[in-house]
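Below you'll find the structure, written out as structure tokens, and then a few comments.
The values are calculated or read from the model by the stated rules, or taken from the named source; none is laboratory data. Computed from a prediction, not measured in an experiment: that's the story for all the values here. Here Cβ is always computed from backbone atoms with ideal geometry, including for glycine, and neighbour counts include all displayed protein chains. Please note that ligands, DNA and RNA were not included when accessible areas were found on the heavy atoms of the full protein model with its side chains. Shrake-Rupley method; radii C 1.70, N 1.55, O 1.52, S 1.80 Å.
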Amino acid sequence: AEDKSGQAAALARLETVEKEAAVRELLAEMDLEKVDGVLLRARLEEAKAKNANPNLLEKAEARLQEWQAWKDWLAKLAKGVPTWVVVPDLDEAVDIHTEPAEEAPVLGQKTPGERFRGRFVDGDPEWVHLVDQVGYMPVVGPGGDALLQRYRGDSALEGGSKQSPKWVNKFLQLDAPARQGFMFLAPAFHNRDYCKIDCESLGQRILELGEQLYEEGSLPGNPTWEPEESPEMAESLKTWKKALDEPGCAGFDRLLQRAASLAEEGYAQMGNLQPRLSSLRWACCMRWLASRSEAVASVSTGGSFGTMTSEGCDRASRAAKHTIFGWLRRLCKEYEVLAIFDFDIVGNGVWHDSQREPLPRKCVEPLTRYLPKHVNNIRVLVQVGERRWKAVNTELRSPADGMGYRISMDPNGRETNYILRWGDAVEATDLGAAWVRIEIDGLQEWYRRGVQFDLLKLCHQATHIPPEDLNSAQATFTLVQPYGTPDWILPVPDSVEHMLRKHHWIAEWMHPSIDDLHTKALVSGRVLHIDAPPEYEHDFGDPEIIAKVQRGEDLGKGLQADKLPGAIHASVALYYAALCTFKGVQNLHIYPQLLQLDTEGSFFKTFFQYGPPLYVLELAGAGDAVTEEVLQLVALADKSLRVLDLSECELGLDTVDVLVDVLQALPNLRHVDVSHNQLDSPAALEFIMLLCERRIDVPSIRLDGNPLGDSEEFKHEVAALLAARGEQATAGGEMVLHLEDDMIRWCAMHREGELAQRVRDDDGEGPLAVAIKEMRDAANLTKRRLDRYEKEDPAALTSGGRDWLARNRELNGKVLDSHLIQMYKAEIQHRIAEQEAKEAAEAEAQRAQEAQS
């Protein structure tokens, strides 16, 4: 009896194992499209009846729920707007028409392979009505060939797709802390930047920035960058690219862990400091994502996103931040890094093995670059002296400003961002028939300060990932002090303020002036004033200085000389960008000496590229330092800019066009101060006229202190310009100009009884805005419905139906024949004609250029 009982139990256990194996086999399929949900449900019920493993049953239930949710999502998509694609094999683009008819005007085209959304026109399978733009497209061509087809994409979010969404999209969307890894990929990024990017494009954006780090470094455009090969980092990028296509958590996590390990190996094997810092940024991003992914994968199954506990979330963040802080602490203890920062802090040196650590070679020696004598077998360098070579563009006719220096003598090598402008000459060594070698001096500051800025920002960014209580373990510099004095422990982000103060670069906080407060824009908070340092003051108690004075020698610039720590150089913009970021600066006043550092605009370009977004930018009192080139660079300011102060900048008629271009590039400006300039009445009227013509609506402009002449006459001229601007607006506003001590507000004076007057004075409701296109589409839709009613509905044959049909056709015809609709059609035809003329002119110019070449 006992043997029979044991055999029965064994058979029961064997059946349970078989049912469990069947369930596991179905769970092994990761692609939801290939999962047989009906069979999975049946096998799950059988396993439950046999008391199978509870963990296995839980996973199967989760997978079944995921499959059902996916099926429901596809059903929902089927009821929505389908996605279409132009047949990729077509030889030419497909036209977009204003109406669902071949003879209708053409609005534009879509190229083969291009995707868009649209619906059939009232069930007509021959035309698709575009949803995201105006127009209609034919489904088949005149010969019956298919022009459009339903898109079957690789994501369930693409209409008509049947595959599961990519796991990376779920991961980055549902795990908010994971998105903070994006911050490590560039020095200019802040903790809030990851919130601005759509999660569906964030994974691809991370890949693009990683490739940019590998190819161009952390500071793209830095003339001192030299790439370094790293098979590990290249493989890490490829692995992350593969992970982007994974549909389930297990496959994604496996690839991400490998990408993180390869990124760490790539960082460890890099030799030069710049590539090491860029690879460290990639390693920090991958390590943070890998730690978050491991925690998410531990509670998720397949494509189903699980819920982490607060303890698990905190544990994952702590592990990643501890690793990142460890990398940064070790880097900041390296002698080469310490020597660079000690040099600018003017410390006591970095000592080891009884000797002082020298500065890296790139901080001292000129950069070696190369230039080809010929490009595409056309001569671009001619010798104009014993060792002088001039760049010529007479035969090549390149549209570029010059040709970029090369890192090596590789004909296929990439040019650097540092160029020799056409017409300029350079001292170079002739290397034969093909190349010359140039020793470029004066870029050492860009290298040294670029490395410092990159490390400063990376250490600062690492403190902004959670948890904050680990920030006490952030990276620090240990700088030696004289014998008997404790070493100086300096947090890395704090070093930038010490470097600026040591060399007397001005960075002072001031409260906004209350002078002319009734016409000045109200500035909230303090303003940081930055300026170049005063002339270096020598220590006349120093015996060496005394001896030089007695010999009548030039004392020079002291520490402000080139290649020394206090060199007056545009690269100091990196220091100011870091300081403003660390201090949360929103209001900034820049003095003219900083604008005069060089002629290339490097200070402004660099500061706006890497500094924080500003609300207030003041250049008041800069005088002739605000050239047209500097003014154009103001347009690089972030769109957050609200107040622009250009008073006392010697602006005149010749700068009006540039000024208007700048204001057009800053859409959120609320106040512009151009007072006390050289804008006479014609220049000021030209300024306001251009603002009106381009519909650049700046609410407040200050003009007092300019030679405007008769103020009453000027007011009338401005009133006429504003009235003309108001005639073009259905929902207007007002404009304020400040003249002397008066604030003058203009608005159009409406005639008694007009709608605008009633709305303004009687508190009436304004008219509802209706698009003319919508009116036309609605009228066409009504016409088609009336036609269908006449053909298909028996009631249309009755006398009452005929009368009703005639009345509605008459009403609808009035809409289609109205002045507004005709004007709209004429405008479309005019734009089409303009576009065709423009394309014809461009084609003619291209043919002329090809004929000349």
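Before moving on, here are some points about what is shown:
- Selected residue [open to solvent by 50 Å² or more (accessible area, probe 1.4 Å), under 30 Å from L619 (Cα atoms) and touching a residue at least 60 places away in the same chain (Cβ under 8 Å)] from R448, R526: R526
- Test: residue in the range 344-359 that is without any contact (Cβ under 8 Å) to a residue 60 or more places away in the chain, assigned to a helix (DSSP H, G or I), under 28 Å from E497 (Cβ atoms) and not aromatic (F, W, Y): no
- Some residue of the range 278-297 being among the β-branched types (V, I, T), in contact with a Lys or Arg (Cβ under 7 Å, 6 or more places away or on another chain) and either assigned to a helix (DSSP H, G or I) or modelled with pLDDT of 90 or more (or both): no
For (1) in contact (Cβ under 8 Å) with a residue 12 or more places away in the chain; (2) among the aliphatic types (A, V, I, L, M), each residue gets a yes or a no:
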site	(1), (2)
D89	yes, no
V94	yes, yes
H97	yes, no
P100	yes, no
E103	no, no
L107	yes, yes
T111	yes, no
G118	yes, no
V121	yes, yes
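- The condition (being open to solvent by less than 40 Å² (accessible area, probe 1.4 Å) and farther than 17 Å from L690 by Cα) is satisfied by just one residue among L669, L646: L646.
- Any pair with Cβ under 8 angstrom, 6 or more apart, that starts in the range 589-610 at a residue that is part of a helix (DSSP H, G or I) and ends at one that is modelled with pLDDT under 85 and of a type in the set (D, E, K, R): F608/D638
- Here is the figure for the range 190-206: residues that are modelled with pLDDT of 80 or more and surrounded by fewer than 17 Cβ atoms within 10 Å (Cβ to Cβ) total 3.
- Within this structure, L328 passes the test of being in contact with a helix residue (DSSP H, G or I) (Cβ under 7 Å, 6 or more places away or on another chain), in contact (Cβ under 8 Å) with a residue 40 or more places away in the chain and either over 24 Å from L456 (Cβ atoms) or surrounded by 15 or more Cβ atoms within 10 Å (Cβ to Cβ) (or both).
- Any hit, the range 238-260, residues being open to solvent by 40 Å² or more (accessible area, probe 1.4 Å), within 30 Å of L490 (Cα to Cα) and part of a helix (DSSP H, G or I): no
- Every pair of residues 6+ apart whose Cβ atoms lie under 6 Å, when the first sits in the range 462-483 and is under 20 Å from Q452 (Cα atoms) and in a loop (DSSP other than H, G, I, E, B) while the second is modelled with pLDDT of 90 or more and basic (K, R): A475/R329
- Where helices (runs of 4 or more DSSP H) fall entirely within the range 759-853, those with at least 1 residues that are among the basic types (K, R), within 27 Å of L130 (Cβ to Cβ) and modelled with pLDDT of 85 or more are at 772-792, 819-852.
- The C-beta contact set for the range 546-568 (first residue touching a residue at least 24 places away in the same chain (Cβ under 8 Å) and outside any helix (DSSP H, G or I), second residue open to solvent by less than 70 Å² (accessible area, probe 1.4 Å) and of a type in the set (V, I, T), distance under 6 angstrom, 6+ apart or interchain) comprises P565/V346.
- Residue among R292, R287, R281 that alone is crowded, with 20+ Cβ neighbours inside 10 Å and touching a Phe, Trp or Tyr at 6+ places or on another chain (Cβ under 6 Å): R281
- Each residue in the range 564-597 was checked for being on the phi < 0 side of the Ramachandran plot, within 27 Å of the chain's Cα centre (by Cα) and not hydroxyl-bearing (S, T, Y), and 18 of them qualify.
- For the range 628-663, the set of residues classified as assigned to a loop (DSSP other than H, G, I, E, B) and under 21 Å from S681 (Cα atoms) consists of L646, S647, E648, C649, E650, L651, G652, listed by residue number.
- Residue match in the range 512-521 (condition: closer than 23 Å to V364 by Cβ and surrounded by 15 or more Cβ atoms within 10 Å (Cβ to Cβ)): no
- The residue pairs whose first member lies in the range 649-663 and is at positive phi, whose second member is at pLDDT below 90, and whose beta carbons are closer than 8 Å, counting only pairs six or more residues apart or on different chains, are E650/G623; E650/D624; E650/V626.
- Tally, over the range 204-237, of residues that are over 10 Å from S278 (Cα atoms) and assigned to a helix (DSSP H, G or I): 14
- Test: residue in the range 193-201 that is free of Cβ contacts under 8 Å to residues at least 24 places away in the same chain, over 24 Å from G326 (Cα atoms), among the β-branched types (V, I, T) and part of a helix (DSSP H, G or I): no
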